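> Supplied in structure tokens, the structure appears directly below.
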Amino acid sequence: MSMRGPLFLSAQDCQALLAPTDVLAAVEAALRSDAAGSVRWPKPRNLNIAPDAFGNHYHLKACVLEDLPVAGVRLVAHPADESSGVATRWVVLIDPQSTRPLAIVDERWNYAQRTVAGVIVAARRLAAGEPRSLALVGAGRLAGAALAYYTRLFRLAEVRIASRREETRLALAAQAAAQYGLQAHAADSVEAAVRGAELVLTCTSAARPLLEPEWIAPGAVVAALETAEPGRELAEQVDLFVVDSREQLEKELIELFGPEAPGWVDASIGEVMVGSHPGRTSPEQRVLILTQGMASQDVALAYKAYTRAVERGLGTALPVTLDLV
């Protein structure tokens, strides 16, 4: 690795440097590395203050990706309503061979991309055949980003969108029709959007159960970005329950669904990818994917942006000397 001084990469820099194919490749590689045991994690994995006296939440995560190699520390701070869009999301990249800083990366753009890419990579791996219908529960920034990745990885014909506010689902439906050529419907209820759909994604700030098991068709792949959204009954009843990290989700599963809930998990996404778990074994299986997002994905994506910036001479050089004193 270069001994140049560290760079600062803005969210706009990352957006200019990274294409969807880069995001998908970085996320999948990080999941595979974790399953292969080549990611070094701290214990505990996540340090939290939630909330402070001002109602804000703070999260600190770190890891070393030994395959690349790169180390990273991720700092997140946001109001209690994380959907507000107001947040500090920084990744500090470190050269593990010298422990010198490489970059500070503002990952506000990366975050939305990584969040949806991680769950959609898993959905592609676990889908039955070639799904044509998608239900989106939520019509915010993450739902808009998700459409770009679902349409890239699946040959969709139809999307149904449910959201709390009519204007947001109408706007996203119009975008889906105009930009992706889909038959797009703004549904009057979550049930109307979800019932019978082959692919389902919940991405809201509701923090409560949104789905009923009887709405989910045989063979469907349901993905959720918040652990509460599928609800206890669906989490217990699905045929295949897959998560990004058993360790990371264990506490939340217990808090939401009870002490037996971690035992419902069948596999991690990485285990399915590397073949240590077979994944789907019949076309009728109903699959649930729960992801919380792993720091390894954030670090891998930030590092991809950093290497591109170095190649292209982009980013802002920070006035930090790397000479020892």
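> Mind putting together the pair-distance distribution for the stretch 212-325? All Cα pairs, 5 Å bins, whole percent per bin, short to long.
Spelled out per bin, shortest first, that is 2, 10, 17, 18, 14, 9, 6, 7, 6, 6, 3, 1, 0, 0.
> Give me Rg over Rh for the stretch 145-196, both radii from the alpha carbons and Rh done the Kirkwood way, two decimal places.
Looking at the stretch 145-196, the ratio lands at 0.95.
> Reachable aspartates and glutamates from LYS61, Cα under 16 Å, same-chain residues fewer than 8 places away excluded?
ASP34, ASP106, GLU107, ASP244, GLU247, ASP298
> Would you be so kind as to identify which of VAL76, LEU47, VAL265 lies farthest towards the positive end of the dipole of the chain, taking Lys and Arg as +1 and Asp and Glu as -1 on Cβ and the Cα centre as origin?
So the residue furthest toward the plus end is VAL76.
> Then there is this: Determine Rg/Rh for the stretch 119-290; Rg is computed over alpha-carbon atoms and Rh is the Kirkwood hydrodynamic estimate from the same atoms.
Across the stretch 119-290, the Cα-based Rg/Rh ratio is 0.95.
> Mind telling me which of ARG155, ARG89, ARG195 comes out most flexible in a GNM of the chain, alpha-carbon contacts under 10 Å?
ARG155
> Calculate the all-directions average of the projected area of the stretch 70-117's alpha-carbon convex hull, and give it in nm².
Its Cα hull, projected and averaged over all orientations, spans 3.7 nm².
> Given +1 on the Cβ of Lys and Arg, -1 on the Cβ of Asp and Glu, and no further charges, what dipole in debye does the stretch 119-290 carry about its Cα centre, rounded to the nearest 20?
That gives the stretch 119-290 a dipole magnitude of about 700 debye.
> Something else: Please report the orientation-averaged projected area of the stretch 1-44, defined via the convex hull of its C-alpha atoms, in nm².
If you wrap the Cα atoms of the stretch 1-44 in a convex hull and average its projections, you get 5.1 nm².
> Distances longer than 19 Å among the Cα atoms of the stretch 87-202: what percent of all pairs is that?
I get 51 percent for the Cα pairs in the stretch 87-202 exceeding 19 Å.
> Where does the chain land at 222 nm, in deg cm²/dmol rounded to the nearest 500, when only DSSP H runs of n ≥ 4 count, each adding -39500 (n - 2.57), divided by all residues?
Calculated at 222 nm, the ellipticity per residue is -11000 deg cm²/dmol.
> In whole Å, what are the Cα extents of the stretch 156-250 along the three principal axes, biggest one first?
40, 27, 22
> So, one more: What residue among PRO44, PRO213, PRO20 shows peak mean-square fluctuation when the chain is described by a Gaussian network model with Cα springs under 10 Å?
Most flexible of the set in this elastic network: PRO44.
> Using the C-alpha atoms of the stretch 240-297, what convex hull volume per residue, in cubic angstrom, is computed?
So the per-residue hull volume is 88 Å³.
> Something else about it: Report the rotationally averaged projected area of the stretch 116-176 based on its alpha-carbon convex hull, in square nanometres.
Computing the convex hull of the Cα atoms and averaging its projections yields 3.8 nm².
> Dipole size in debye (nearest 20) for the chain around its Cα centre, Lys and Arg Cβ +1, Asp and Glu Cβ -1?
Around 800 debye, computed over the chain.
> Now for a different question. Take the alpha carbon atoms of the chain, find their radius of gyration, then divide it by 2.2 N^0.38 Å using N residues; give the quotient.
After normalising by residue count via 2.2 N^0.38 Å, the value is 1.00.
> Taking R0 as 30 Å, what FRET efficiency do you get between GLU167 and ARG208 from their Cβ-Cβ distance, rounded to the nearest 0.05?
After rounding to 0.05, the efficiency reads 0.85.
Read-outs throughout are calculated quantities, based only on the coordinates presented, and are distinct from any laboratory measurement. This structure is a prediction, so every number in the text was calculated from the model and none was measured. Glycine gets a Cβ as well: all are built from the backbone with ideal geometry, and neighbour counts include every protein chain shown.
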